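Quick notes on the structure that follows.
The values are calculated or read from the model by the stated rules, or taken from the named source; none is laboratory data. Quantities reported herein were computed from a predicted structural model and do not represent experimental measurements. Heads up, the Cβs are rebuilt from the backbone with ideal geometry, glycines too, and the neighbour counts pull from every protein chain shown. Each accessible area value is taken on the protein alone, full model and side chains, heavy atoms only, with ligands, DNA and RNA left out. Shrake-Rupley method; radii C 1.70, N 1.55, O 1.52, S 1.80 Å.
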Amino acid sequence: MTVISVKNLTISYNKKPAIKGINLEVGEGSIIGILGPNGAGKSTLIKGILGLLPSETGEIRIFEKPVKEVLKRIAYIPQKEQFDWDFPINVSEVVMMGRYPYISLFGRPDENDHLIVKEVLEKVEMADNQFTQIRNLSGGQQQRIFLARALAQESDIYLLDEPFVGVDAKTEKAIFELIKELKEKNKTILIVHHDLSKVKEYFDKVILINQTLVAFGDTDIAFTSELINKAYGGRLTILQKAEQLFKN
Amino acid sequence: MADTIYKFLVEPLQYEFIQRALVASIMVGISCGLIGTYIMLRRLSLIGDALAHSVLPGVVIGFMISGKNPLSLFAGALTAGILTSILISYVERNSKIKEDTSIGIIFTGAFALGILLVSQLKQVHIDLSSYLFGDVLGVSDSDLIMSSVITVFILISVILFYKQLLVTSFDPTMAYIIGISTSLVHYFLMTLLSMSIVAGLQSVGVILIIAMLITPPATAFLLTDKLKTMLILSVMFGIISSVIGLYFSYHFNFASGASIVLTAVLFFAAAFLFSPKEGIVQKYFRRKRNTAVNLTEDILKYLFNAEEKSSVGNAVTELSADLSLPENKILSALKRIESKGLIKGEKENYKLTETGRDLALKLVRSHRLWETYLTEKNIVDMDNIHQDAEKYEHVLSDDLISEIEEELGHPQKDPHGSPIPKKK
């Protein structure tokens with residue numbers, strides 16, 4: 001079943017196209033990496049899928065319906081800079097927002113919602129910090145509470161924008177384990193990622209993008225040095241290339 | 001004494017206009033405290049100020065149409081407020097003018113229009129200064145009923161729409177995804193804001209009302225990091241400032257808006273200076289204490305190393321160079337440490353006492369184990385580990401140090417080859 005279908009998507013900022021004519025068909029139960037150099041339009045693509053940015057051309061359908069109708073089935077984890085970390089809010093309140101789609105207009109979270117929040121906090125090992133204000137968390141912990149919020153939302157699609165930035169190796173591994181669990185439950189996960197070294201280990205498929213779509217397909221096929229070079233416009237440094245060789 | 005307090009606080013209450021003023025002040029405290037919290041968190045302070053000023057022409061036009069009654073005031077103010085907020089975003093969205101400039105143009109324009117209309121007004125007499133600067137002692141019964149209705153409406157809205165206000169303030173994208181219209185919530189908040197401005201018009205006036213919208217919430221923000229507590233504290237500071245301001249206005253004939261706002265600012269200053277978590281006084285003393293503790297430990301360690309290597313340098317000069325502190329600071333630190341019984345001696349020739357040596361041993365042990373740990377685990381390279389260890393040795397607990405020693409398998413020497421002292 002096609003989960004996300006993107007047809008000829010073009011999005012511009014101030015008349016300069018950020019992404020141009022993107023076509024994608026994404027099925028369920030896979031982890032997909034969105035890769036490309038800085039400014040290639042990786043975050044723009046995700047925001048475009050969500051309908052957060054006005055598109056110039058193109059059509060996006062999710063579960064064969066217009067995005068607006070199925071938004072609640074999508075969980076989105078934006079980049080960390082988006083948030084005001086001084087906001088007077090604690091960990092469990094942030095995670096509870098994931099339950100809001102299930103609560104009526106004037107309703108309050110019920111026992112079940114609290115139970116789910118507790119469960120997902122235990123899952124990301126943040127139960128001890130549930131009353132901590134978010135400024136007082138480490139980078140890895142900050143990332144984990146937004147993952148917890150996405151889990152609490154019990155969505156079918158997960159869009160993650162650079163979830164591993166500022167995260168220690170241990171947390172990265174823990175986060176990735178949870179993402180793999182989601183995949184086993186047949187969820188679709190799209191991850192904007194900048195570190196090329198773990199691509200083969202992490203992703204079933206990759207989307208290589210540099211304004212236009214360079215390649216999309218199974219990691220073995222789409223993540224070749226030729227295509228990577230094409231996406232990065234030869235901007236891959238010697239060091240990165242050497243790292244590539246070493247890791248493969 | 002009791003008599004003076006009675007005269008100051010209770011006696012005025014026998015007058016009906018004071019009773020009315022008191023209730024009006026409390027209403028301002030509640031409505032502005034609640035709405036102001038969201039205005040501050042959403043960084044809309046400037047828009048709040050703009051709306052307050054543009055309420056003036058609305059009020060005057062309301063009076064021109066249907067005479068001087070609270071309903072025309074309410075309708076005029078509300079229309080002006082909402083229209084202004086729509087105009088500001090319209091100009092911003094449809095030109096390359098940024099929001100702050102757009103706000104500046106529209107609110108001064110609206111305010112000027114208000115003043116122009118007042119000066120031309122013949123049929124209705126409006127006391128301009130009471131709208132500009134507030135006249136809490138002149139609050140009428142109908143003003144009071146209106147501000148009470150407004151306050152109750154705001155209170156109920158904030159309770160009912162708690163979720164929507166929270167999620168749109170903290171994470172508008174999330175709000176969009178779960179189907180909450182951020183612009184609907186924004187304009188609803190602008191409506192509530194215009195209403196709270198109307199409620200505060202009589203007591204504080206349009207020029208200073210913004211202070212009641214942001215100063216009490218900002219004070220509360222410094223004291224808590226919970227939204228619900230912030231709302232409650234903000235209301236409390238709002239009420240207390242209004243009431244205190246009212247008394248000063250009555251006894252000393254101050255303009256009521258000014259005395260209310262100055263009281264609120266004094267509370268803010270107190271929180272800014274003395275807040276247990278954020279206060280700068282607290283921060284200053286914490287920093288000073290840390291520096292003193294660190295300096296003591298550094299000096300003890302130096303003396304320990306000197307004894308270990310049995311070197312005979314000038315302690316004051318060397319410490320002064322090592323720690324880049326002037327010699328007189330080192331000397332006074334040495335005296336202070338001596339008075340604690342950790343070292344004894346004089347001038348350049350200080351020796352550790354038994355207690356001092358124990359403490360130094362502990363520090364050196366902590367420093368060297370930590371360094372060893374960082375190198376073993378490949379956390380930083382050799383050039384930097386010394387500096388890193390210097391930072392951490394002051395804060396590592398005994399338990400953690402023992403745990404590190406355990407994990408490293410009780411090493412004898414640190415990466416520089418110096419012996420690691422055993423726990424005493």
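Summarising the label geometry, the points placed 7 Å from Cα in the beta-carbon direction at B:Asp100 and A:Glu154 lie 4.7 nm from one another. Quick check: residue separation of A:Ser5 and A:Asp218 times 0.36 nm, minus the Cα distance between them. What number comes out in nm? Length difference between fully extended and current span is 75.0 nm.
Taking a Cβ cut-off of under 15 Å around B:Ala218, the surrounding Lys, Arg, Asp and Glu residues balance to a net charge of -2, with basic ones at +1 and acidic ones at -1. Dividing the C-alpha radius of gyration of the stretch A:83-201 by 2.2 N^0.38 Å, with N its residue count, gives 1.07. Estimated from the Cβ-Cβ distance and a Förster radius of 35 angstrom, the FRET efficiency linking B:Ala112 and B:Ser140 is about 0.80. Taking a ≥ b ≥ c as the square roots of the eigenvalues of the Cα gyration tensor, the protein assembly as shown is oblate, since a/c reaches 1.5 or more and a/b is not larger than b/c. In this calculation the C-beta distance from A:Asn229 to B:Asp127 is compared with R0 = 56 Å, giving a FRET efficiency of 0.15. Taking chain B as the reference, fit the longest principal axis to its C-alpha atoms, fit the long axis of helix B:182-204 to the helix C-alpha atoms, and give the angle between the two in degrees, 0 to 90, nearest 10. Around 70 degrees separate the two axes. B:Tyr6 sits with roughly 120 Å² accessible to a 1.4 Å probe, with DNA, RNA and ligands left out of the calculation. Working note: Karplus 6.51/-1.76/1.60 with θ = phi - 60° gives the stretch B:214-219 the couplings 10, 5, x, x, 5, 4 Hz, where Gly and Pro are set to x. Sites listed here are trypsin sites (Lys or Arg not before Pro) in the stretch B:36-101 whose DSSP assignment is loop and whose Cβ has at most 15 other Cβ atoms within 10 Å: B:Arg43, B:Lys68, B:Lys96, B:Lys98. Distances between placed amide hydrogens fall under 5 Å for B:Gly134 paired with B:Gly205, B:Val206, all partners being 5 or more residues away or on another chain.
From its DSSP helices (H runs of at least four residues, each -39,500 (n - 2.57)), chain B gives a residue-normalised ellipticity at 222 nm of -25000 deg cm²/dmol.
Give the B-A buried accessible area in Å², both sides summed, 1.4 Å probe, nearest 100. The buried area between B and A, both sides summed, comes to about 2600 Å². The mean sequence separation of alpha-carbon pairs under 8 Å and at least six residues apart, normalised by the residue count of the stretch B:148-237, gives a relative contact order of 20 percent. Surface exposure of the protein assembly as shown, expressed per residue as accessible area with a 1.4 Å probe, stands at 49 Å². For B:Lys340 and B:Ile280, the FRET efficiency from 1/(1 + (r/R0)^6), where r spans their Cβ atoms and R0 equals 22 Å, is about 0.15. The mean count of C-beta atoms from other chains within 10 Å of the C-beta of residues in B:224-232, rounded to a whole number, is 3.
Here is the tail figure for chain B: Cα pairs spaced more than 39 Å apart come to 46 percent of all pairs.
Distant-in-sequence amide contacts of B:Ser275, defined by a placed amide H-H separation under 5 Å and a gap of 5 or more residues or a different chain, comprise B:Ile280. Put a dot 7 Å past the Cα of B:Leu273, heading toward its Cβ, do the same for B:Thr182, and the two dots end up 4.0 nm apart.
For trypsin sites (Lys or Arg not before Pro), the sites in the stretch B:257-300 that DSSP calls loop and that have at most 12 other Cβ atoms within 10 Å are B:Lys277. For the stretch B:111-118, 3J(HN,Hα) computed residue by residue from phi via the Karplus equation (6.51, -1.76, 1.60; θ = phi - 60°) reads 5, 4, 4, x, 5, 4, 5, 4 Hz, glycine and proline entered as x.
First select every other residue whose beta carbon is under 12 angstrom from the beta carbon of A:Gly58; then total the charges, Lys and Arg +1, Asp and Glu -1. Result for the neighbourhood of A:Gly58: +1.
Within the shell defined by Cβ-Cβ distances under 11 Å, the residues around A:Gly27 carry a net charge of -2, with Lys and Arg each +1 and Asp and Glu each -1.
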